[in-house]
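Inspection log for the structure reproduced underneath, given as structure tokens.
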Amino acid sequence: MSRTLLRLSVAAILFSFSCLLQAAEPSYTIAVIPKGTTHEFWKSINAGAKKAEQELKAKGTKIDIIWKGPLREDDRDQQIQLVENFMTRRVSSMVLAPLDDKALIRPVENAMNAGVPVVIMDSGLKTEKYVSFVATDNYKGGQLAGEEMGRQLGGKGNVILLRYAVGSASTEAREAGFVDALKKSPNIKLISSDQHAGATRELAYQVSQNLLNRFKHEVNGIFCPCEPPTIAMTKALRELGLAGGKVKMIGFDSGSQSVTDLKNGDVQALVVQNPLLMGYLGVMTAVKNLRGEKVEHRIDTGVALITRENMDQPEMKELLTPPIDKYLK
Amino acid sequence: MASPLQPGKARRLLNIVGPFLGLLLVIGLFSLSPTVRAFFLTGANFKIILTQTVIVAIGTLGMTIIIVSGGIDLSVGSIVALTSVVCALALDKERPPWIAALLTIGTGVLVGIINGSVIGFLRMMPFIVTLGMMGIGRGTAKWLSGSQTVNPPDNPLNRIMLPRNPNFLWPVPNGVWIALGLAVVMAIVMRRTVFGRYIFAIGANEDAARLSGIRIPLQKTAIYALAGVFFGIAGLMQFSRLTQGDPTVANGLELDIIAAVVIGGASLSGGSGSILGSMIGALIMAVLRNGSNQMGWPTYVQEIIIGVVIIIAVGLDKLRKGRAG
């Protein structure tokens, strides 16, 4: 008799627990907001987010990922509106790659205050009021590029740094890392480091052509801190007959064009991040936080230097051409 | 308007020489520094400048007839993005290059016909209609491309804008010759054909033009459709330059084009302007960007200078015309 009672009460407790669990595990809607949608880098982030969605769904979590970004990589205002709109729509959580390290502070803080937790990915935000920062150590990435430049040039030569855009924290950290690493080789001179490529490929291409016309006789090495200027500068070098190693070209990120350029020897090295892991960890961190688990304030997703020599190693191959199609149909 | 002391011919000469002087002034400015001069005043650099001018120059051909007719078109940047995406998609679907080119230009014409007929037949403000079209065009470009860049396989259209022999001025890419050829044709159309004179007549005084029997709505549709041809060709050139269709490209291009037309001496209230002036205006803009990059001026300085030049150019133009009249 007392045994049945015990059994019943245990059953009742288990039942109420499972009810509680179900109450604690409602359906999550997570908005993932990239900086832009036209670059392959963001496709990989999208694939990573989808991977997280599929894994969570397989474990029985009800989750919905909304992928929406401004179409131009420097449209801060549009991104602010996106954040505000998702806040009003009351999504469960947001994963955001801020276009600007200051302009997005207020919208993010507003969302946090309104009870919509925000995970920052890819690019920093100059506030502490967010759940977690999931990103590449961009400064380290720039340092890797700078050290490789020193190695490629044998510690001597003239170098151009074509910057990306004003206010983009991730690329500015890479540029700083690159410049600092170059200081270790006193015989390497930065002959141009004050030009910005701008957000579209056409602008990056124009600036590259113009800069090369000025410096083509003295430049030995060039570094570009992200995909559009890397592709544009390599195209301009190729047209001048300076590609293929005459000028050492080091780029950042792995679009399909950059990978082809690396294979052909027009690009000597690419610093590559792990955007798939970034998208994946971004969503996972947001869900962990929603479940009330503790999350790290800073999560490093790793960075690697890929040259023609090591590009065929399996782990490098996966970084160069992330298995996007597996997750995006 | 001409004073009896200054015959019309002299004034026209001054109008043509004016923008040229501006161009020389800008080139002179960048030639002051001896270190930069060695790279700036070279055939190779002028090849770069000419190549970078092509898209804006072809755009100004369309914009000039629109502005002379008293209109404005804010949708150019979007149309260039849209047509470059159409071109890339057609090539990606393995259509022959000439079909891709025709589709590209056809898209430009179609958008022009829509703009022109709404402006002409429904008598709506060009500013509003083309502002709307700016969003429609950009949105359609993103829709068609799935918000991604479209990268077709290698094809002959890629080579229209390909610079060869980069250390010398010759040969310039075919795109430069196309732009020049189109400019000559348009200069003749504007000066020597009935359609060209209608454009000036409508821009100078629309009521008078209507009363003298010009069918305004039809002519306006034709003007915007013809401009669409040029915007489509500009899109083709944009595709050829990047060898990809990019739905986010050419954002704000319309402002560069309008600035070039205005620097070239056209009046935004219509009735005056010339193809030659607009082409030189486009060159001035390209020289400014090119020179600023090579001087090592920070990006913000370039933006300020281009703004100042626009205001000075139009101010000088007003002064010149004021003295002549």
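The values are calculated or read from the model by the stated rules, or taken from the named source; none is laboratory data. Nothing here was measured: the structure is a model prediction, and the numbers come from that model. Here the Cβ positions follow ideal geometry from the backbone for every residue, glycine too, while neighbour counts run over all protein chains shown. Please note that ligands, DNA and RNA were not included when accessible areas were found on the heavy atoms of the full protein model with its side chains. Shrake-Rupley method; radii C 1.70, N 1.55, O 1.52, S 1.80 Å.
A compact table of results
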| quantity | calculated |
| --- | --- |
| Of all residues in the stretch A:244-269 being in contact with a strand residue (DSSP E or B) (Cβ under 9 Å, 6 or more places away or on another chain) and polar (S, T, N, Q), the one that is farthest from the other protein chains (Cβ to nearest Cβ) | A:GLN268 |
| Residue satisfying all of: in the stretch B:227-262; part of a loop (DSSP other than H, G, I, E, B) and under 15 Å from B:GLN52 (Cβ atoms); farthest from the other protein chains (Cβ to nearest Cβ) among these | B:ALA250 |
| Boolean, A:TYR28 is away from chain B (no Cβ under 14 Å), at pLDDT 90 or above, under 29 Å from A:PHE252 (Cβ atoms) and touching a helix residue (DSSP H, G or I) at 6+ places or on another chain (Cβ under 9 Å) | no |
| Enumeration of residues in the stretch A:176-198 that are more than 14 Å from every other protein chain (Cβ to nearest Cβ), farther than 20 Å from A:PRO228 by Cβ and open to solvent by less than 40 Å² (accessible area, probe 1.4 Å) | A:VAL179, A:ALA181, A:LEU182, A:SER185, A:ILE188 |
| Condition broken by B:GLN302, with the remaining ones in (1) open to solvent by 10 Å² or more (accessible area, probe 1.4 Å); (2) away from chain A (no Cβ under 14 Å); (3) of a type in the set (S, T, N, Q) satisfied | (2) |
| Matching residues, the stretch A:52-78, being of a type in the set (S, T, N, Q) and touching an Asp or Glu at 6+ places or on another chain (Cβ under 8 Å) | A:THR61 |
| Residue match in the stretch B:219-230 (condition: touching a residue at least 60 places away in the same chain (Cβ under 8 Å) and closer than 30 Å to A:GLY36 by Cα) | yes |
| Verdict on B:ARG289 being in a helix (DSSP H, G or I), touching an Asp or Glu at 6+ places or on another chain (Cβ under 8 Å) and either within 13 Å of chain A (Cβ to nearest Cβ) or open to solvent by 10 Å² or more (accessible area, probe 1.4 Å) (or both) | no |
| Residue check, A:LEU99 buried (at least 18 other Cβ atoms within 10 Å of the Cβ), at pLDDT below 95 and in contact with a strand residue (DSSP E or B) (Cβ under 8 Å, 6 or more places away or on another chain) | no |
| Residues satisfying the stated conditions in the stretch A:199-226, i.e. among the aromatic types (Phe, Trp, Tyr) and at the interface with chain B (Cβ under 9 Å from one of its Cβ atoms) | A:TYR205, A:PHE215 |
| Unique match (being over 29 Å from A:SER208 (Cβ atoms) and of a type in the set (Phe, Trp, Tyr)) among B:TRP177, B:TRP143, B:TRP170 | B:TRP143 |
| Selection from the stretch A:220-229 of residues that are open to solvent by less than 10 Å² (accessible area, probe 1.4 Å) and either more than 11 Å from A:ARG163 (Cβ to Cβ) or β-branched (Val, Ile, Thr) (or both) | A:GLY221, A:ILE222, A:GLU227, A:PRO228 |
| Residue count, the stretch B:161-175 (criterion: more than 14 Å from chain A (Cβ to nearest Cβ) and at pLDDT 85 or above) | 1 |
| The stretch A:139-175 - residue that is at positive phi and either more than 14 Å from chain B (Cβ to nearest Cβ) or touching a strand residue (DSSP E or B) at 6+ places or on another chain (Cβ under 9 Å) (or both) and, of those, surrounded by the most Cβ atoms within 10 Å (Cβ to Cβ) | A:GLY157 |
| Cross-chain or 6+ apart pairs with Cβ under 7 Å, the stretch A:93-111 first and free of Cβ contacts under 8 Å to residues at least 40 places away in the same chain, then of a type in the set (Asp, Glu) | A:PRO107/A:GLU84 |
| Options A:LEU144, A:LEU125, A:LEU162: the member that is under 30 Å from B:THR51 (Cβ atoms) and not charged (D, E, K, R) | A:LEU162 |
| Single unsatisfied condition, B:GLY315 versus (1) within 14 Å of another protein chain (Cβ to nearest Cβ); (2) without any contact (Cβ under 8 Å) to a residue 40 or more places away in the chain; (3) on the phi < 0 side of the Ramachandran plot | (1) |
| Considering residues of the stretch A:126-137 that are open to solvent by 10 Å² or more (accessible area, probe 1.4 Å) and touching a helix residue (DSSP H, G or I) at 6+ places or on another chain (Cβ under 7 Å) only, the residue farthest from the other protein chains (Cβ to nearest Cβ) | A:LYS129 |
| Within the stretch B:226-242, considering residues that are in contact with a Phe, Trp or Tyr (Cβ under 9 Å, 6 or more places away or on another chain) and closer than 21 Å to B:PRO152 by Cβ, the one surrounded by the most Cβ atoms within 10 Å (Cβ to Cβ) | B:ARG241 |
| Those helices (runs of 4 or more DSSP H) lying entirely in the stretch A:182-292 with at least 2 residues under 20 Å from B:PRO163 (Cα atoms) and out of contact with any Phe, Trp or Tyr (no Cβ under 6 Å at 6 or more places or on another chain) | A:201-215, A:227-239, A:256-264 |
| A:GLY241, sole failed condition from (1) without any contact (Cβ under 8 Å) to a residue 60 or more places away in the chain; (2) within 14 Å of chain B (Cβ to nearest Cβ); (3) open to solvent by less than 30 Å² (accessible area, probe 1.4 Å) | (3) |
| Any hit, the stretch A:261-274, residues being within 18 Å of the chain's Cα centre (by Cα) and surrounded by fewer than 24 Cβ atoms within 10 Å (Cβ to Cβ) | yes |
| Restricting the stretch B:133-160 to residues that are open to solvent by 40 Å² or more (accessible area, probe 1.4 Å) and farther than 15 Å from B:VAL249 by Cβ, the residue that is modelled with the highest pLDDT | B:ILE136 |
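Residue-wise test of (1) open to solvent by 50 Å² or more (accessible area, probe 1.4 Å); (2) away from chain B (no Cβ under 14 Å).
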residue: A:SER44; (1), (2): no, no
residue: A:GLY60; (1), (2): yes, yes
residue: A:TRP67; (1), (2): yes, no
residue: A:ILE80; (1), (2): no, yes
residue: A:VAL95; (1), (2): no, yes
